[in-house]
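Heads up, the thing below is written out as C-alpha coordinates.
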Amino acid sequence: MEYNNYQSFPKDFLWGGSTSAYQVEGAYNEDGKGLSVQDTKEITPGTTDFKVASDHYHRYKEDISLFSELGFKAYRFSVAWTRIFPNGDGEINEKGIEFYSNLIDECLAYNIEPIVTMYHFDLPDQLNQKGGWSNPYTSEAFVNYAKVLFERLGDKVNYWLTINEQNMMILHGAAIGTVNKKVSNVKKDLYQQNHYMLLAQARVMKMCHQLCPHAKIGPAPNISEVYPETSNPKDFLAAQNLNSIRNWLYLDVAVYGRYDPLALAYLKDRGLAPEITDEDLEILKEGKPDFIAFNYYNTSTVAYSSMEDAVVGPEDGDQQIELGEKGVYKAVYNSYLKRTNFNWEIDPDGFRATLRSVYQRYGLPIIITENGLGEYDELTEEKKIKDQYRIEYLRDEIRAMKLAISDGVEVFGFCPWSAIDLVSTHSGIRKRYGFIYVDRDEFDLKNLTRIKKDSFTWYQNVIRTNGEEL
Ligand code: BG6
(Lines give C-alpha, C1' and ligand atoms only; values in the text may rest on other atoms or scores of the structure.)
Protein backbone atom coordinates (compact mmCIF):
# COMPACT_ATOMS: atom_id res chain seq x y z
CA MET A 1 0.00 0.00 0.00
CA GLU A 2 1.19 3.48 -0.77
CA TYR A 3 -0.25 6.42 1.11
CA ASN A 4 -0.64 10.12 0.62
CA ASN A 5 0.48 10.66 4.21
CA TYR A 6 2.77 8.46 6.24
CA GLN A 7 2.81 8.00 10.01
CA SER A 8 5.77 8.66 12.31
CA PHE A 9 6.96 6.54 15.21
CA PRO A 10 4.91 7.05 18.37
CA LYS A 11 6.28 9.57 20.88
CA ASP A 12 7.34 7.09 23.58
CA PHE A 13 8.70 4.48 21.19
CA LEU A 14 11.11 2.09 22.95
CA TRP A 15 14.28 2.26 20.88
CA GLY A 16 16.85 -0.13 22.26
CA GLY A 17 18.92 -3.23 21.72
CA SER A 18 18.98 -6.88 22.81
CA THR A 19 21.31 -9.47 24.28
CA SER A 20 20.95 -12.83 25.98
CA ALA A 21 22.69 -13.95 29.15
CA TYR A 22 24.77 -16.87 27.90
CA GLN A 23 25.88 -15.04 24.76
CA VAL A 24 27.04 -11.83 26.43
CA GLU A 25 27.73 -12.32 30.13
CA GLY A 26 30.58 -14.81 30.43
CA ALA A 27 31.39 -15.63 34.10
CA TYR A 28 29.81 -18.97 33.32
CA ASN A 29 30.67 -20.52 36.67
CA GLU A 30 31.10 -17.48 38.90
CA ASP A 31 29.23 -16.43 42.01
CA GLY A 32 27.41 -19.72 42.32
CA LYS A 33 26.09 -19.97 38.75
CA GLY A 34 25.22 -23.52 37.67
CA LEU A 35 25.82 -24.92 34.21
CA SER A 36 23.21 -24.61 31.49
CA VAL A 37 22.80 -26.67 28.33
CA GLN A 38 24.77 -23.96 26.54
CA ASP A 39 27.75 -24.59 28.82
CA THR A 40 27.65 -28.33 28.31
CA LYS A 41 26.70 -28.60 24.63
CA GLU A 42 29.16 -29.41 21.89
CA ILE A 43 30.60 -26.21 20.44
CA THR A 44 30.87 -25.79 16.64
CA PRO A 45 34.50 -26.66 15.83
CA GLY A 46 36.66 -23.56 15.28
CA THR A 47 34.39 -21.28 17.32
CA THR A 48 34.61 -20.08 20.88
CA ASP A 49 32.48 -21.33 23.77
CA PHE A 50 30.39 -19.10 26.05
CA LYS A 51 32.71 -19.05 29.05
CA VAL A 52 33.84 -15.42 28.74
CA ALA A 53 31.64 -14.16 25.90
CA SER A 54 31.71 -10.33 26.06
CA ASP A 55 32.35 -10.28 29.80
CA HIS A 56 29.20 -8.23 30.34
CA TYR A 57 28.88 -9.77 33.80
CA HIS A 58 31.90 -7.75 34.93
CA ARG A 59 31.52 -4.79 32.59
CA TYR A 60 27.77 -4.17 32.61
CA LYS A 61 28.21 -0.67 34.08
CA GLU A 62 30.47 0.41 31.26
CA ASP A 63 28.13 -1.21 28.72
CA ILE A 64 24.99 0.41 30.06
CA SER A 65 26.72 3.76 30.14
CA LEU A 66 27.48 3.26 26.43
CA PHE A 67 23.85 2.23 25.79
CA SER A 68 22.80 5.45 27.45
CA GLU A 69 25.19 7.46 25.28
CA LEU A 70 23.67 5.71 22.27
CA GLY A 71 20.29 6.93 23.46
CA PHE A 72 18.65 3.60 24.36
CA LYS A 73 15.20 3.91 25.85
CA ALA A 74 15.13 0.16 26.52
CA TYR A 75 17.54 -2.71 27.02
CA ARG A 76 16.32 -6.23 26.43
CA PHE A 77 18.41 -8.85 28.21
CA SER A 78 17.78 -12.28 29.66
CA VAL A 79 18.20 -13.67 33.14
CA ALA A 80 20.29 -16.82 33.31
CA TRP A 81 18.03 -19.29 35.10
CA THR A 82 21.21 -20.99 36.45
CA ARG A 83 22.33 -17.81 38.22
CA ILE A 84 19.10 -17.78 40.22
CA PHE A 85 18.78 -21.55 40.62
CA PRO A 86 22.11 -23.25 39.82
CA ASN A 87 20.32 -26.61 39.48
CA GLY A 88 17.11 -25.21 38.03
CA ASP A 89 15.27 -25.49 41.35
CA GLY A 90 15.98 -25.72 45.09
CA GLU A 91 17.93 -23.02 46.92
CA ILE A 92 17.97 -19.49 45.52
CA ASN A 93 21.47 -18.20 44.73
CA GLU A 94 21.37 -14.71 46.26
CA LYS A 95 24.37 -13.60 44.23
CA GLY A 96 22.34 -14.15 41.07
CA ILE A 97 19.47 -12.02 42.32
CA GLU A 98 21.97 -9.35 43.34
CA PHE A 99 23.54 -9.25 39.88
CA TYR A 100 20.25 -8.73 38.04
CA SER A 101 18.98 -6.32 40.64
CA ASN A 102 22.12 -4.21 40.11
CA LEU A 103 21.84 -4.52 36.34
CA ILE A 104 18.24 -3.33 36.42
CA ASP A 105 19.11 -0.46 38.79
CA GLU A 106 21.89 0.60 36.47
CA CYS A 107 19.42 0.71 33.55
CA LEU A 108 16.89 2.66 35.59
CA ALA A 109 19.52 5.16 36.66
CA TYR A 110 19.85 6.08 32.97
CA ASN A 111 16.08 5.94 32.32
CA ILE A 112 16.53 2.81 30.26
CA GLU A 113 13.51 0.51 30.48
CA PRO A 114 14.63 -3.05 31.30
CA ILE A 115 12.87 -5.65 29.14
CA VAL A 116 13.58 -8.97 30.78
CA THR A 117 13.51 -12.37 29.05
CA MET A 118 13.13 -15.19 31.54
CA TYR A 119 14.55 -17.97 29.44
CA HIS A 120 16.73 -17.65 26.36
CA PHE A 121 17.94 -21.14 25.28
CA ASP A 122 19.86 -21.76 28.54
CA LEU A 123 17.97 -24.51 30.32
CA PRO A 124 19.74 -25.57 33.53
CA ASP A 125 21.78 -28.66 32.71
CA GLN A 126 20.57 -30.43 35.84
CA LEU A 127 17.00 -30.19 34.59
CA ASN A 128 18.10 -31.31 31.17
CA GLN A 129 19.65 -34.41 32.65
CA LYS A 130 16.27 -35.27 34.14
CA GLY A 131 14.62 -35.13 30.72
CA GLY A 132 14.50 -31.37 30.15
CA TRP A 133 11.16 -30.11 28.89
CA SER A 134 10.04 -33.70 28.18
CA ASN A 135 9.67 -34.00 31.91
CA PRO A 136 6.63 -32.05 33.17
CA TYR A 137 8.69 -31.24 36.25
CA THR A 138 10.66 -28.69 34.20
CA SER A 139 7.43 -26.68 33.73
CA GLU A 140 6.95 -26.67 37.50
CA ALA A 141 10.54 -25.52 37.98
CA PHE A 142 10.07 -22.77 35.38
CA VAL A 143 6.91 -21.49 37.05
CA ASN A 144 8.68 -21.47 40.40
CA TYR A 145 11.68 -19.64 38.89
CA ALA A 146 9.35 -17.06 37.33
CA LYS A 147 7.63 -16.55 40.70
CA VAL A 148 10.99 -15.77 42.27
CA LEU A 149 11.76 -13.27 39.50
CA PHE A 150 8.42 -11.54 40.03
CA GLU A 151 8.83 -11.49 43.80
CA ARG A 152 12.44 -10.37 43.88
CA LEU A 153 12.77 -8.14 40.82
CA GLY A 154 9.16 -7.47 39.87
CA ASP A 155 8.81 -4.04 41.44
CA LYS A 156 11.42 -2.62 39.04
CA VAL A 157 10.39 -4.33 35.79
CA ASN A 158 7.54 -3.22 33.53
CA TYR A 159 8.12 -5.61 30.61
CA TRP A 160 8.65 -9.35 30.85
CA LEU A 161 9.23 -11.82 28.04
CA THR A 162 8.57 -15.46 28.85
CA ILE A 163 10.50 -17.72 26.47
CA ASN A 164 12.78 -16.69 23.63
CA GLU A 165 12.09 -18.37 20.28
CA GLN A 166 10.20 -21.36 21.62
CA ASN A 167 9.35 -22.23 18.02
CA MET A 168 13.02 -22.41 17.05
CA MET A 169 13.75 -24.64 20.04
CA ILE A 170 11.12 -27.04 18.75
CA LEU A 171 11.88 -26.73 15.05
CA HIS A 172 15.66 -26.79 15.56
CA GLY A 173 15.78 -28.77 18.78
CA ALA A 174 18.98 -30.61 17.94
CA ALA A 175 20.81 -27.36 17.25
CA ILE A 176 19.65 -25.54 20.37
CA GLY A 177 19.88 -28.41 22.82
CA THR A 178 16.28 -29.33 23.54
CA VAL A 179 16.18 -32.72 21.88
CA ASN A 180 15.74 -35.61 24.27
CA LYS A 181 17.55 -38.45 22.51
CA LYS A 182 16.39 -41.00 25.07
CA VAL A 183 12.82 -41.11 23.75
CA SER A 184 11.67 -43.36 20.91
CA ASN A 185 9.94 -40.65 18.86
CA VAL A 186 12.04 -37.51 19.05
CA LYS A 187 9.72 -35.37 16.98
CA LYS A 188 6.61 -36.31 18.92
CA ASP A 189 8.49 -35.68 22.11
CA LEU A 190 9.42 -32.18 20.91
CA TYR A 191 5.75 -31.32 20.47
CA GLN A 192 5.03 -32.65 23.93
CA GLN A 193 7.86 -30.44 25.25
CA ASN A 194 6.30 -27.58 23.36
CA HIS A 195 2.97 -28.20 25.03
CA TYR A 196 4.55 -28.23 28.50
CA MET A 197 6.32 -24.96 27.68
CA LEU A 198 3.05 -23.41 26.51
CA LEU A 199 1.35 -24.47 29.72
CA ALA A 200 4.19 -23.08 31.82
CA GLN A 201 4.06 -19.84 29.85
CA ALA A 202 0.31 -19.48 30.38
CA ARG A 203 0.70 -20.01 34.14
CA VAL A 204 3.53 -17.47 34.26
CA MET A 205 1.54 -14.85 32.34
CA LYS A 206 -1.38 -15.27 34.73
CA MET A 207 0.95 -15.08 37.71
CA CYS A 208 2.54 -11.90 36.39
CA HIS A 209 -0.82 -10.17 36.33
CA GLN A 210 -1.50 -11.29 39.89
CA LEU A 211 1.89 -10.52 41.42
CA CYS A 212 2.96 -7.55 39.31
CA PRO A 213 -0.21 -5.78 38.15
CA HIS A 214 1.82 -2.80 36.91
CA ALA A 215 3.82 -5.00 34.51
CA LYS A 216 3.15 -6.35 31.04
CA ILE A 217 4.18 -9.73 29.73
CA GLY A 218 4.34 -11.49 26.37
CA PRO A 219 5.91 -14.38 24.45
CA ALA A 220 8.98 -13.84 22.21
CA PRO A 221 8.96 -16.29 19.29
CA ASN A 222 10.77 -15.92 15.97
CA ILE A 223 8.05 -15.03 13.47
CA SER A 224 8.36 -14.61 9.74
CA GLU A 225 5.98 -14.64 6.84
CA VAL A 226 6.05 -17.56 4.41
CA TYR A 227 5.69 -16.83 0.67
CA PRO A 228 4.38 -19.18 -2.01
CA GLU A 229 6.88 -19.70 -4.83
CA THR A 230 4.28 -18.97 -7.53
CA SER A 231 0.61 -18.02 -7.92
CA ASN A 232 -0.21 -21.71 -8.25
CA PRO A 233 -2.87 -22.18 -5.53
CA LYS A 234 -1.09 -25.34 -4.42
CA ASP A 235 1.99 -23.27 -3.57
CA PHE A 236 -0.22 -20.87 -1.64
CA LEU A 237 -1.62 -23.76 0.39
CA ALA A 238 1.94 -24.95 1.08
CA ALA A 239 2.79 -21.45 2.36
CA GLN A 240 -0.24 -21.57 4.66
CA ASN A 241 0.96 -24.97 5.91
CA LEU A 242 4.34 -23.65 6.95
CA ASN A 243 2.89 -20.43 8.34
CA SER A 244 0.76 -22.56 10.64
CA ILE A 245 3.51 -24.96 11.66
CA ARG A 246 6.20 -22.31 12.08
CA ASN A 247 4.29 -19.30 13.39
CA TRP A 248 0.63 -19.64 14.35
CA LEU A 249 0.94 -22.92 16.23
CA TYR A 250 2.88 -21.03 18.92
CA LEU A 251 1.17 -17.67 18.97
CA ASP A 252 -2.42 -18.96 18.74
CA VAL A 253 -1.96 -20.95 21.94
CA ALA A 254 -0.31 -18.00 23.69
CA VAL A 255 -3.05 -15.54 22.68
CA TYR A 256 -6.22 -17.58 22.18
CA GLY A 257 -5.45 -20.54 24.43
CA ARG A 258 -6.10 -23.01 21.62
CA TYR A 259 -4.06 -24.64 18.87
CA ASP A 260 -4.27 -23.31 15.34
CA PRO A 261 -6.66 -25.82 13.67
CA LEU A 262 -4.43 -26.41 10.64
CA ALA A 263 -1.35 -27.03 12.78
CA LEU A 264 -3.31 -29.37 15.02
CA ALA A 265 -4.68 -31.31 12.04
CA TYR A 266 -1.09 -31.79 10.84
CA LEU A 267 0.14 -32.90 14.29
CA LYS A 268 -2.70 -35.39 14.69
CA ASP A 269 -2.32 -36.86 11.22
CA ARG A 270 1.44 -37.38 11.66
CA GLY A 271 1.03 -38.88 15.13
CA LEU A 272 2.81 -35.89 16.70
CA ALA A 273 -0.01 -34.31 18.69
CA PRO A 274 0.70 -33.76 22.38
CA GLU A 275 -1.62 -34.99 25.09
CA ILE A 276 -3.97 -32.12 25.85
CA THR A 277 -6.25 -32.47 28.86
CA ASP A 278 -9.33 -30.40 29.72
CA GLU A 279 -7.38 -28.96 32.61
CA ASP A 280 -4.64 -27.90 30.19
CA LEU A 281 -7.19 -26.04 28.09
CA GLU A 282 -8.38 -24.18 31.20
CA ILE A 283 -4.80 -23.19 32.05
CA LEU A 284 -4.12 -22.04 28.49
CA LYS A 285 -7.25 -19.91 28.43
CA GLU A 286 -6.35 -18.17 31.68
CA GLY A 287 -2.89 -16.95 30.65
CA LYS A 288 -3.11 -13.91 28.41
CA PRO A 289 -0.26 -11.86 26.96
CA ASP A 290 -0.43 -8.06 27.00
CA PHE A 291 1.65 -7.73 23.84
CA ILE A 292 3.52 -9.82 21.33
CA ALA A 293 7.27 -9.61 21.13
CA PHE A 294 8.86 -11.24 18.14
CA ASN A 295 12.25 -11.66 16.54
CA TYR A 296 12.46 -11.17 12.80
CA TYR A 297 15.40 -11.97 10.54
CA ASN A 298 14.09 -13.34 7.25
CA THR A 299 11.17 -14.88 5.44
CA SER A 300 10.73 -18.35 3.91
CA THR A 301 9.55 -19.28 0.45
CA VAL A 302 7.94 -22.62 -0.28
CA ALA A 303 6.31 -24.72 -2.97
CA TYR A 304 3.83 -27.57 -3.04
CA SER A 305 5.06 -30.95 -1.94
CA SER A 306 3.24 -34.25 -2.45
CA MET A 307 3.46 -37.36 -0.31
CA GLU A 308 5.63 -38.87 -3.06
CA ASP A 309 8.25 -36.15 -2.79
CA ALA A 310 11.74 -37.10 -1.76
CA VAL A 311 11.95 -34.17 0.67
CA VAL A 312 12.37 -35.47 4.19
CA GLY A 313 13.83 -34.03 7.36
CA PRO A 314 16.83 -35.64 9.03
CA GLU A 315 16.13 -38.46 11.43
CA ASP A 316 17.53 -36.97 14.60
CA GLY A 317 14.42 -34.90 15.18
CA ASP A 318 15.95 -31.67 13.95
CA GLN A 319 13.23 -30.79 11.55
CA GLN A 320 15.25 -28.41 9.41
CA ILE A 321 12.41 -26.22 8.34
CA GLU A 322 14.69 -24.88 5.60
CA LEU A 323 14.30 -28.19 3.80
CA GLY A 324 10.62 -29.03 3.87
CA GLU A 325 8.48 -32.02 4.62
CA LYS A 326 6.77 -34.24 2.15
CA GLY A 327 3.07 -33.63 1.76
CA VAL A 328 3.45 -30.32 3.59
CA TYR A 329 5.81 -27.94 1.77
CA LYS A 330 9.11 -27.80 -0.04
CA ALA A 331 11.52 -24.96 0.71
CA VAL A 332 12.71 -23.08 -2.39
CA TYR A 333 15.24 -20.40 -3.18
CA ASN A 334 13.84 -16.88 -3.43
CA SER A 335 15.70 -15.19 -6.24
CA TYR A 336 14.24 -11.75 -5.41
CA LEU A 337 16.19 -11.49 -2.20
CA LYS A 338 19.80 -10.62 -1.49
CA ARG A 339 21.76 -12.57 1.09
CA THR A 340 24.22 -11.74 3.85
CA ASN A 341 27.71 -13.20 3.92
CA PHE A 342 26.27 -15.83 6.26
CA ASN A 343 23.68 -16.65 3.62
CA TRP A 344 20.69 -15.23 5.48
CA GLU A 345 18.10 -13.58 3.24
CA ILE A 346 17.58 -9.84 3.57
CA ASP A 347 13.92 -8.93 3.30
CA PRO A 348 12.61 -5.65 4.74
CA ASP A 349 9.32 -5.95 2.81
CA GLY A 350 8.91 -9.34 4.47
CA PHE A 351 9.34 -7.56 7.80
CA ARG A 352 6.46 -5.22 6.94
CA ALA A 353 4.37 -8.18 5.78
CA THR A 354 5.10 -10.12 8.97
CA LEU A 355 4.17 -7.15 11.15
CA ARG A 356 0.89 -6.80 9.26
CA SER A 357 0.05 -10.50 9.57
CA VAL A 358 0.78 -10.70 13.28
CA TYR A 359 -1.25 -7.57 14.04
CA GLN A 360 -4.16 -8.60 11.82
CA ARG A 361 -4.30 -12.02 13.46
CA TYR A 362 -3.89 -10.99 17.11
CA GLY A 363 -4.58 -7.25 17.42
CA LEU A 364 -2.05 -6.90 20.23
CA PRO A 365 0.68 -4.25 20.45
CA ILE A 366 4.01 -5.48 19.10
CA ILE A 367 7.61 -5.00 20.12
CA ILE A 368 10.46 -6.25 17.97
CA THR A 369 12.94 -7.96 20.23
CA GLU A 370 15.48 -9.01 17.59
CA ASN A 371 16.42 -8.01 14.06
CA GLY A 372 19.90 -7.35 12.74
CA LEU A 373 22.82 -8.22 10.55
CA GLY A 374 25.49 -10.75 11.48
CA GLU A 375 28.75 -9.85 9.73
CA TYR A 376 32.52 -10.27 9.84
CA ASP A 377 33.35 -6.79 11.18
CA GLU A 378 36.89 -5.60 10.76
CA LEU A 379 38.79 -3.42 13.15
CA THR A 380 40.85 -0.96 11.09
CA GLU A 381 44.29 0.28 12.08
CA GLU A 382 42.68 3.50 13.34
CA LYS A 383 40.52 1.32 15.59
CA LYS A 384 37.32 1.93 13.68
CA ILE A 385 34.57 -0.38 12.46
CA LYS A 386 33.13 0.91 9.24
CA ASP A 387 29.93 -1.11 9.20
CA GLN A 388 28.05 0.78 6.51
CA TYR A 389 26.44 -2.56 5.50
CA ARG A 390 24.81 -2.79 8.94
CA ILE A 391 23.56 0.78 8.68
CA GLU A 392 22.00 0.03 5.30
CA TYR A 393 20.43 -3.19 6.56
CA LEU A 394 18.91 -1.54 9.63
CA ARG A 395 17.83 1.55 7.71
CA ASP A 396 15.76 -0.59 5.37
CA GLU A 397 14.29 -2.65 8.21
CA ILE A 398 13.37 0.43 10.24
CA ARG A 399 11.84 2.03 7.15
CA ALA A 400 9.75 -1.12 6.66
CA MET A 401 8.63 -1.00 10.29
CA LYS A 402 7.64 2.64 9.84
CA LEU A 403 5.57 1.69 6.81
CA ALA A 404 3.89 -1.03 8.86
CA ILE A 405 2.96 1.68 11.37
CA SER A 406 1.36 3.59 8.49
CA ASP A 407 -0.45 0.32 7.68
CA GLY A 408 -2.08 0.58 11.10
CA VAL A 409 0.16 -1.86 12.99
CA GLU A 410 0.71 -0.90 16.62
CA VAL A 411 4.46 -1.21 17.23
CA PHE A 412 5.81 0.17 20.50
CA GLY A 413 9.48 -0.77 20.44
CA PHE A 414 12.47 -1.96 18.47
CA CYS A 415 15.37 -3.77 20.13
CA PRO A 416 17.69 -5.02 17.40
CA TRP A 417 20.19 -7.80 17.86
CA SER A 418 22.50 -6.96 19.32
CA ALA A 419 23.12 -4.06 21.66
CA ILE A 420 26.80 -5.02 21.82
CA ASP A 421 28.86 -7.75 20.13
CA LEU A 422 28.29 -11.17 21.62
CA VAL A 423 28.86 -14.80 20.77
CA SER A 424 26.56 -16.12 18.05
CA THR A 425 24.53 -19.27 18.71
CA HIS A 426 26.65 -21.38 16.33
CA SER A 427 29.18 -19.15 14.62
CA GLY A 428 31.29 -17.81 17.47
CA ILE A 429 32.31 -14.19 17.93
CA ARG A 430 33.28 -13.79 14.30
CA LYS A 431 29.62 -13.31 13.44
CA ARG A 432 28.99 -9.93 14.98
CA TYR A 433 25.74 -8.00 15.32
CA GLY A 434 26.43 -5.20 17.81
CA PHE A 435 26.60 -1.42 17.68
CA ILE A 436 29.59 -1.71 19.99
CA TYR A 437 32.61 -3.76 19.01
CA VAL A 438 34.15 -6.02 21.64
CA ASP A 439 37.83 -6.37 20.97
CA ARG A 440 38.46 -10.09 21.20
CA ASP A 441 38.98 -12.86 18.71
CA GLU A 442 37.64 -16.36 18.60
CA PHE A 443 40.30 -17.75 20.93
CA ASP A 444 42.37 -14.69 21.88
CA LEU A 445 40.47 -12.69 24.47
CA LYS A 446 42.77 -9.66 24.04
CA ASN A 447 41.48 -6.89 26.31
CA LEU A 448 37.76 -6.97 25.49
CA THR A 449 37.82 -3.20 24.98
CA ARG A 450 34.57 -1.62 23.79
CA ILE A 451 34.73 0.40 20.56
CA LYS A 452 31.81 2.30 19.04
CA LYS A 453 31.10 1.23 15.48
CA ASP A 454 29.91 3.61 12.76
CA SER A 455 26.45 2.10 13.24
CA PHE A 456 26.53 3.37 16.84
CA THR A 457 26.63 6.99 15.70
CA TRP A 458 24.04 6.35 13.02
CA TYR A 459 21.58 4.62 15.41
CA GLN A 460 22.15 7.35 17.97
CA ASN A 461 20.80 9.87 15.45
CA VAL A 462 17.89 7.59 14.54
CA ILE A 463 16.89 7.49 18.19
CA ARG A 464 17.50 11.21 18.71
CA THR A 465 15.15 12.04 15.83
CA ASN A 466 12.66 9.30 16.82
CA GLY A 467 13.18 7.57 13.48
CA GLU A 468 12.70 10.68 11.34
CA GLU A 469 16.30 10.69 10.09
CA LEU A 470 17.30 7.34 8.74
C1 BG6 B 1 18.01 -15.61 17.40
C2 BG6 B 1 18.39 -15.90 18.82
O3 BG6 B 1 17.52 -16.76 16.87
O4 BG6 B 1 18.99 -15.27 16.50
C5 BG6 B 1 19.73 -15.33 19.25
O6 BG6 B 1 17.38 -15.52 19.72
C7 BG6 B 1 20.72 -15.47 18.12
O8 BG6 B 1 20.12 -15.99 20.42
C9 BG6 B 1 20.21 -14.69 16.92
O10 BG6 B 1 22.03 -15.11 18.43
C11 BG6 B 1 21.15 -14.69 15.72
O12 BG6 B 1 21.48 -15.99 15.38
P13 BG6 B 1 22.99 -16.44 15.18
O14 BG6 B 1 22.92 -17.91 14.92
O15 BG6 B 1 23.51 -15.67 14.04
O16 BG6 B 1 23.69 -16.13 16.46
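The values are calculated or read from the model by the stated rules, or taken from the named source; none is laboratory data. Just so it is clear, the model here is predicted, and its values are computed rather than measured. Here the Cβ is made from the backbone with ideal geometry for all residues, glycine too, and neighbour counts use every protein chain on show. The accessibility values were calculated without ligands, DNA or RNA, using every heavy atom of the protein model including side chains. Shrake-Rupley method; radii C 1.70, N 1.55, O 1.52, S 1.80 Å.
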- Listed residues Asp309, Asp421 arranged by accessible area, highest first, probe 1.4 Å: Asp309, Asp421
- Residue span Asp396 to Asn461: 0.36 nm per residue of separation minus Cα-Cα distance leaves a gain in nm of 21.9 nm
- Task: Starting from the amide H of Phe414, placed 1.01 Å from N in the peptide plane, find each other amide H under 5 Å away whose residue is 5 or more places distant or on another chain.
- Result: Leu14, Trp15, Gly16, Ile368
- Message: As a test question: what accessible area, to the nearest 10 Å², does Ile245 have when a 1.4 Å probe is rolled over all protein chains in place?
- Response: 10
- Subset of Lys130/Lys188; Lys41/Lys95; Lys95/Lys452 violating a 23 Å alpha-carbon distance limit: Lys41/Lys95; Lys95/Lys452
- the stretch 353-470: C-alpha pair distances exceeding 23 Å, %: 37
- Task: Could I have the simple spin-label model distance between Ser306 and Ser406, label points 7 Å from Cα toward Cβ, reported in nm to one decimal?
- Result: 4.5
- Note on the structure: Log entry: pair-distance distribution for the stretch 18-111, C-alpha pairs binned every 5 Å from zero, whole % per bin is 3, 13, 23, 23, 17, 12, 7, 2, 0
- Message: Under the 0.36 nm per residue contour assumption, what length would be gained going from the current alpha-carbon distance of Lys384 and Asn232 to full extension?
- Response: 49.8 nm
- the stretch 205-332 -> Rg/Rh from Cα coords, Kirkwood Rh, value 1.04
- Task: Sum up the charges of everything whose Cβ sits under 13 Å from the Cβ of Glu469, counting Lys and Arg as +1 and Asp and Glu as -1, but leave Glu469 out.
- Result: +3
- Percent of Cα-Cα pairs per 10 Å bin, from 0 to the last occupied bin, for the stretch 1-160, please list those. 10, 37, 31, 14, 6, 2
- How much accessible area per residue does the chain have, in Å², with a 1.4 Å probe? 40
- Name the aspartates and glutamates eligible as straight-distance cross-link partners of Lys431: C-alpha to C-alpha under 12 Å, and not fewer than 8 places from it in the same chain. Glu375, Asp377, Glu378, Asp421, Asp441, Glu442
- Task: At 7 Å along the Cα-to-beta-carbon direction for both Glu2 and Asp349, put a label point, then send me their distance in nm to one decimal.
- Result: 1.3
- About the Cα centre of the stretch 354-463, what is the dipole size in debye to 20, counting +1 per Lys and Arg Cβ and -1 per Asp and Glu Cβ, all else neutral? 240
- Task: Quick one: divide the alpha-carbon radius of gyration of the stretch 56-99 by 2.2 N^0.38 Å and tell me what you get.
- Result: 1.44
- Query: If amide H atoms are built 1.01 Å from N in the plane of the peptide, which residues on other chains or at least 5 residues away come under 5 Å of the amide H of Asp407?
  - Reply: none
- Determine, for the stretch 236-358, the count of lysine pairs separated by eight or more sequence positions (or lying on different chains) whose alpha-carbon distance falls under 30 Å. 6
- Task: For an R0 of 41 angstrom, estimate the FRET efficiency from the Cβ-Cβ distance between Gln210 and Leu470 and round to the nearest 0.05.
- Result: 0.50
- Query: At 25 °C and 0.890 mPa s, what whole-number value in µm²/s does Stokes-Einstein give for the translational diffusion of the stretch 137-232, with Rh from the Kirkwood sum over Cα pairs?
  - Reply: 163
- Query: What residues have an amide H closer than 5 Å to that of Tyr159, excluding those fewer than 5 places away on the same chain, when H is modeled at 1.01 Å from N in the peptide plane?
  - Reply: Val116, Lys216
- Compute the distribution of all C-alpha to C-alpha distances in the chain, in bins of 10 Å from 0, and list the percent of pairs in each, rounded to whole numbers. 4, 21, 32, 29, 12, 2, 0
- Message: If I take all pairs of Cα atoms in the stretch 278-413, what percentage of them are more than 23 Å from each other?
- Response: 54
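Just the number, please: Stokes-Einstein D of the stretch 1-43 in µm²/s, Kirkwood Rh from C-alpha pairs, 25 °C, 0.890 mPa s. Present the calculation step by step, with values, prior to reporting the outcome.
Working: Rh = 14.9 Å.
The calculation lands on 165 µm²/s.
Under the rule that an exposed site lies in a DSSP loop and has at most 11 other Cβ atoms within 10 Å, name the longest stretch of the chain with no chymotrypsin sites (Phe, Trp or Tyr not before Pro) of that kind, not counting the sites themselves.
Details: sites that count: Tyr3, Tyr6, Tyr333, Tyr336, Tyr376, Phe443.
Longest site-free region, per DSSP loop and neighbour criteria: 7-332.
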- Stokes-Einstein diffusion coefficient of the stretch 338-409, Kirkwood radius over Cα pairs, 10 °C, 1.306 mPa s, in µm²/s: 115
- Quarter of the Cα convex hull surface for the stretch 239-314, i.e. its orientation-mean projected area (nm²): 6.7
- Task: Would you kindly derive the ³J(HN,Hα) couplings of the stretch 29-38 from the backbone phi angles with the Karplus curve 6.51 cos²θ - 1.76 cosθ + 1.60 (θ = phi - 60°), listing them in order in whole Hz, with x for Gly and Pro?
- Result: 10, 9, 6, x, 5, x, 8, 10, 4, 6
- Item | Point-to-point label distance, Asp278-Leu323, nm (Cα→Cβ direction, 7 Å offset) | 4.2
- Round to the nearest 0.05 the FRET efficiency obtained for Glu286 and Leu445 when R0 = 41 Å and r is the Cβ-Cβ distance. 0.30
- Going toward the positive end of the dipole of the chain, with +1 on Lys and Arg Cβ and -1 on Asp and Glu Cβ, which of His120, Asn222, Phe99 do you reach last? Asn222
- Item | Per-residue SASA entry for Met207, accessible area with 1.4 Å probe, Å² rounded to 10 | 20
- Query: To the nearest whole percent, what portion of all C-alpha pairs in the stretch 70-225 is separated by more than 28 angstrom?
  - Reply: 20
- Here the longest stretch of the chain that holds no trypsin sites (Lys or Arg not before Pro) in a DSSP loop having at most 11 other beta carbon atoms within 10 Å is 183-382
- Carbon and sulfur atoms: what percent of the 1.4 Å accessible area of the stretch 176-235 do they account for? 53
